[in-house]
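To start, the structure under review is shown below, and the notes come after it.
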Amino acid sequence: MHHNYIFRHCPVCGDIFEKKKVKANEPPRLVCKNRDCRFVFYLDPKVVACAIVEMDGMIVLLKRAKSPERGKWVMPGGYVDRGEKVEDAAIRETKEECGIDIELKGLFGVYSYPGYLEVIVVYLADYRAGRLIARDETTDSKLVRIEDIPWDELAFESTRDTLRDYCELKKKTQRS
């Protein structure tokens, strides 16, 4: 996340940044101190694409191999590359992280939180092909019934919120 990084130097001229209000109604920005440059560094949101992958009446969870939240469970997902469609990123990240091919069924939800720069876009997806395995960014992968979701071992508020919303949706559709 950008908010944890410390950007000190201007990428244009190499001088030092200072925090400064550019417009009264906006948060402070990083502005180059060099009067000839005055480059403004905007900490724009980063888009994260995730998938709730349904497989054999269960969902796919992955154990993170890297910080932050190493050793905790998440849905497949990751950052969208510049120029990449968000949907394609969800499919790509799922394949990279756990080795399976998916088909997106539709947008599930969008999650954002004050003070964080990530905007998390979550899709519902069906398993299509491949063997569920742990890959580079994961140490384990598993299928979980919604009643067995390890709530105390989930990484990130967005994972917990998404899976709570998913469980609510499943309860509503079972009642119908």
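Model label points for LEU43 and ASP165, set 7 angstrom from Cα along the Cα-to-Cβ axis, are 2.4 nm apart.
Here the contact order of the range 72-124, divided by its residue count and restricted to Cα pairs under 8 Å and six or more residues apart, works out to 26 percent.
Rounded to the nearest 10 degrees, the angle from helix 157-175 to the longest Cα principal axis of the chain is 30 degrees. Of the residues LEU107, GLY83, LEU132, the one whose Cα sits farthest toward the positive end of the charge dipole of the chain, with +1 on the Cβ of Lys and Arg and -1 on the Cβ of Asp and Glu, is GLY83.
In this simple spin-label model, placing a label point 7 Å from the Cα along the Cα-to-Cβ direction at both LEU117 and ARG131 gives a separation of 3.9 nm. For the pair GLN174 and ILE6 in one chain, pulling the backbone fully straight at 0.36 nm per residue adds 55.7 nm over the alpha carbon distance.
If I take all pairs of Cα atoms in the range 95-176, what percentage of them are more than 17 Å from each other? When all Cα pairs of the range 95-176 are counted, 60 percent exceed 17 Å.
Of all the Cα-Cα pairs you can form in the chain, what percent are over 23 Å apart?
Looking at the chain, the distances longer than 23 Å represent 48 percent of pairs.
Dipole size of the chain about its Cα centre, with +1 on Lys/Arg Cβ and -1 on Asp/Glu Cβ: approximately 680 debye, rounded to the nearest 20.
Could you tell me what percent of the DSSP beta bridges with both partners in the chain are antiparallel, to the nearest 5? Kindly include the intermediate steps, with their values, before the conclusion.
Working: 31 of 41 bridges.
Bridges in the chain are about 75 percent antiparallel.
Treating only the Cβ of Lys, Arg, Asp and Glu as charged (+1, +1, -1, -1), what charge dipole size does the range 1-43 show about its Cα centre? Round to the nearest 20 debye.
On the way: 9 positive and 4 negative charges, 31 e Å.
So the magnitude is around 140 debye.
Positive end of the dipole of the chain, charges at C-beta (+1 Lys, Arg; -1 Asp, Glu), about the Cα centre: which of GLY14, THR173, VAL60 has its Cα farthest in that direction? Among GLY14, THR173, VAL60, the one farthest towards the positive end of the dipole of the chain is GLY14.
Note on ASP56 and GLU69: the model spin-label points, each 7 Å out from Cα along the C-beta direction, lie 2.5 nm apart.
Any read-out appearing in this document is the output of simple, stated calculations on the displayed coordinates, not a laboratory observation. This one's a predicted model, so the numbers in the text were calculated from it and none came from an experiment. Glycine also receives a Cβ, built like all others from the backbone with ideal geometry; neighbour counts cover every protein chain displayed.
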